[in-house]
1. Please give the net charge around residue 24, taking every other residue with its beta carbon less than 11 angstrom from that of residue 24, where Lys and Arg add +1 and Asp and Glu add -1.
2. Rounded to the nearest angstrom and ordered from largest down, what semi-axes does the equivalent ellipsoid of the range 4-100 get from its C-alpha gyration tensor (root of 5λ)?
3. Once R0 is set to 22 Å, what does the formula 1/(1 + (r/R0)^6) return for the Cβ-Cβ distance between residue 72 and residue 32, expressed as a FRET efficiency to the nearest 0.05?
4. Expressed in nm to one decimal, what extension gain is obtained for the pair residue 21 and residue 79 from 0.36 nm per residue of sequence separation less their Cα-Cα distance?
5. Restricting to DSSP H runs of at least four residues, report the calculated mean residue ellipticity at 222 nm for the chain, -39500 (n - 2.57) per run over all residues, nearest 500 deg cm²/dmol.
Amino acid sequence: MSVWIGVSKTNFYRYAEVLGNKPALLQAPPLYGAFCGVLPGFTEEQLLWTEVVIRLRPGMVPSVEIVDPKHALYRAYNDGVSREYWHFLLRELQPEIAREYDL
């Protein structure tokens, strides 16, 4: 499973300009973009507005935070997911593990 964030041309070039410059990255404001992808159990994630924060540790992908507090994905991210949803994800994404644990 993968998702991606669509950012404006301006945000993309702003990020590209500071990518190799750690002090500039530390001061860079978040980027805003649209969540593009589908997650099992959620609907209407396409073009959901997000805030993208660049992380400085090597190999780390940016942190993505959903902006709309009314969206179910925002609530799941902030409040956690139920055991039932976790089991659903395991059945959808890792069926061999779900079978092993009889989920």
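1. Surrounding charge for residue 24 is +1.
2. Calculated on Cα positions only, the semi-axes equal 30, 16, 12 Å.
3. 0.60
4. Here the segment from residue 21 to residue 79 would lengthen by 17.4 nm.
5. My calculation for the chain gives -11000 deg cm²/dmol from helical runs alone.
Bear in mind these aren't lab numbers, they're just calculated from the coordinates by the rules spelled out. Here the structure is a predicted model, which means the values were calculated and not measured. Please note: Cβ atoms are built from the backbone with ideal geometry, for glycine as well, and neighbour counts cover all protein chains shown.
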